[in-house]
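Working notes, beginning with the structure itself.
The values are calculated or read from the model by the stated rules, or taken from the named source; none is laboratory data. Predicted, not measured: the structure shown is a model, and the values here were computed from it. Heads up, the Cβs are rebuilt from the backbone with ideal geometry, glycines too, and the neighbour counts pull from every protein chain shown. Keep in mind that these areas ignore ligands, DNA and RNA; they rest on the heavy atoms of the full protein, side chains included. Shrake-Rupley method; radii C 1.70, N 1.55, O 1.52, S 1.80 Å.
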Amino acid sequence: MDRREIAAVLAYTGRLDPRTIRTGTSETRDQIAQWQEQLDDMPFATDHGWDVREAIRSHVLNSPYPILPVDIARRWCAHRRDRLDRHTDPTPAADPDDPAAWRAELLRFRNAVAAGIASPTTHRQITNGGLPGDVEERLREIGSCIPPAIRAELARYRPTRAAREAAVAEGVPDALAVGCDWCRAPVGSPCRQRRASPDGTARGHAERATPQPSRVDLAAARTDRHRAA
């Protein structure tokens, strides 16, 4: 800010807080010089969120002390820091084999963001706009995001899931869609071997290759109820 803008800042500050007003000519000259020394490298206002009058008004509303130029300088530094924290350097158009030009373009754009001349460039956020049309069409063609050949290769590493998929394909109720009353396996988890020790306590927690018969019956009963409804 130049001396004219500093004088405007002091006039505005005096309207909001008369304690900052200086009546003598020498006092006013010294005040303008002091404020300009600390606020010389900041703009009066920018097109991207900074206005020195907003900083002055915020201080007057929130602090019982007369505003000093350092209070405005600190707010400007915080504003610059926030802009740079939200900024991601875009890929320069300069030749990457020319490090000096590459670095100069990065610094030039970064300084423009910090000074409020340009808006910060942020990463694009993930949205829930759905899948592109070609992806949806491809999924309809193959029926799954995993091709059949890959699914067959994975079956030996995922026997429980393979058994569930085979049951669904054959029209058999999915037993793992319900919890097991016998071994207390939750929905989606395979049944466990449950043996009773001589003292009556349960022991043995190895996974079963097939669901408990009672779990299969429970799944079938639930399927019948849904069909009847």
In Å², nearest 10: area of Thr20 left accessible to a 1.4 Å probe = 10
Percentage relative contact order, the stretch 1-130, counting C-alpha pairs under 8 Å, at least six apart = 23
query = Suppose every K and R has +1 on its Cβ and every D and E has -1 on its Cβ; what is the size of the dipole of the chain about the Cα centre, in Debye to the nearest 20?
reply = 1280
message = With an 8 Å Cα cut-off and a minimum separation of 6 or more residues, compute the relative contact order for the chain in percent.
response = 11
message = Can you compute the helix-only [θ] at 222 nm over the chain? Use -39500 (n - 2.57) per DSSP H run of at least 4 residues, normalise by all residues, nearest 500 deg cm²/dmol.
response = -16000 deg cm²/dmol
request  = Treating the angle as unsigned and between 0 and 90°, give the value, to the nearest 10°, between the Cα long axis of helix 213-228 and the longest Cα principal axis of the chain.
outcome  = 70
query = Normalized C-alpha radius of gyration of the chain, against 2.2 N^0.38 Å?
reply = 2.06
ask   = At a probe size of 1.4 Å, how large is the accessible area of Ser26, to the nearest 10 Å²?
value = 70
ask   = Which percent of the accessible area of the chain is formed by carbon and sulfur heavy atoms (probe 1.4 angstrom)?
value = 53
remark   = Between the modelled labels at Ser214 and Ser26 (7 Å from Cα along Cα→Cβ) the distance in nm is 10.1
Quotient of Cα Rg and 2.2 N^0.38 Å for the stretch 69-127, N being how many residues it contains = 1.35
task = Please build a GNM for the chain, connecting alpha carbons under 10 Å apart, and tell me which residue among Arg194, Arg86, Arg29 fluctuates the most.
result = Arg194
